[in-house]
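Any read-out appearing in this document is the output of simple, stated calculations on the displayed coordinates, not a laboratory observation. Quantities reported herein were computed from a predicted structural model and do not represent experimental measurements. We place every Cβ from the backbone using ideal geometry, glycine too, and count neighbours over all the protein chains shown.
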Amino acid sequence: MTESRPLGPTVRHPPVRAADPAAVSEAARAVRQGRLVAFPTETVYGLGADATDDRAVARVFAAKGRPQFNPLIVHLPETVAAAALVRFDDRAAALAAAFWPGALTLVLPRRPDCPVSRLASAGLDSLAVRVPDHPLALALLRAAGRPLAAPSANPSGGVSPTTADHVAAVFTADQVAVVLDGGRCRVGIESTVVGLTGEGPALLRPGGVSAEAIEAVVGPLTGTALEEDRAPRSPGRLTSHYAPSRPLRLSTSAPRPGEALLAFGPDPPGGFAAVRNLSPAGDLVEAAANLFAMLHDLDRREFTGIAAMTVPDRGLGRAINDRLRRAAAAKRG
Ligand code: TXA
Ligand code: MG
């Protein structure tokens, strides 16, 4: 069943394409142009974007209508491609050897030169990676030549899609360039997410591979589970969740000495030690694409703090303001 959504009668849905080489090339071209494509995996259909393109990743959050940024899974065609983005330890290598391609996602530390958008990992120093077990997903990943950031292809709060028609029914042709039809998903529930950035392996989300099967390879999963699709509530919930180390305030009145400004729009206030503008044109997709990179940029000892302008509270603006509010509330010590 698909969830209903108020799409008017004049709205065009994305085309559903049968699995053939021409459809794969068309989807790969769309990915390289920064557009979104939906594709089947063995678990559920994914809403994919070039993970190295900040704006394309911002469009994923916009299309899903998520009020918060939560980190996305990055899909690769093989283990060596994943190992170029994140640091594998022995446990990660053993899990990849045992379950990839397959319904297991590994959260690992980003490499310093990792080209994946900071928005895809919601500003975290870790990244979730997975090699899916579906010929069409693998063909698309190889043809695109880019890692694909892909959450389940449903609007926020909706049911995860297991057929191409589920996906096509809930998005518009403006949001999604093409839906590749790989039939019904074999597993039908999302991948199991295992975190390997702390001391013991942590079960972050139960899914298609059982905890028992994972424990048989790496021993007890000592972490706690997160509910599916729940964004970390506070920087403490996922301990590495990104908050700048400099104090951040949501006001731009009276610049404080040595303070940097995170601006938005054409007329930012003056008097700050440095300025980064999320979008001089006032475009919320551009602002989301720049958010984490610019926060990192301003998070330096040479500044006494960061003053941030809030953005309009609509569309992606809600997720941007949510992140800024949480950064402002974060305790530092
Ligand atoms: O089966 C699946 O995993 C599907 C298909 C399309 O591959 N994808 C999927 O993605 O379910 P998404 O974005 O709906 O779920 C991502 C999950 C969330 O629970 C998120 O919190 C967790 O992975 N996650 C991603 N990156 C993380 C990170 N750096 N640290 C902790 N959790 C992370
Ligand atoms: Mg989901």
Report the full-extension gain for the segment A93 to A213: residue separation times 0.36 nm, less the Cα-Cα distance, to one decimal in nm. 41.7 nm
For the chain, what does -39500 (n - 2.57) per DSSP helix run (n ≥ 4), summed and divided by total residues, give at 222 nm, in deg cm²/dmol to the nearest 500? -8000 deg cm²/dmol
Report the paramagnetic label zone for V11: residues of the stretch 161-202 whose backbone N is under 17 Å from a point 7 Å from Cα along the Cα-to-Cβ axis. 161, 165-179
Cα long-axis angle, helix 135-144 against the chain (0 to 90 degrees, to the nearest 10): 50 degrees
Under 14 Å from a point 7 Å along the Cα-to-Cβ line of H296: which residues of the stretch 45-68 have their amide N that close? 52-55
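If you take the beta carbon distance between A254 and E199 as r and set R0 to 30 Å, what does 1/(1 + (r/R0)^6) give as a FRET efficiency, to the nearest 0.05?
So the FRET efficiency works out to roughly 0.10.
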Degrees separating the helix 54-64 axis from the principal Cα axis of the chain, which is the longest one: 70 degrees
Using alpha carbons only, how many degrees (0 to 90, rounded to 10) separate the axis of helix 21-32 from the longest principal axis of the chain? 10 degrees
Considering only the chain, percent of DSSP beta bridges that pair antiparallel, nearest 5: 40 percent
Count neighbours as other Cβ atoms within 10 Å of each site's Cβ, and list the trypsin sites (Lys or Arg not before Pro) in the stretch 125-196 that are DSSP loop with at most 16 such neighbours. R184, R186
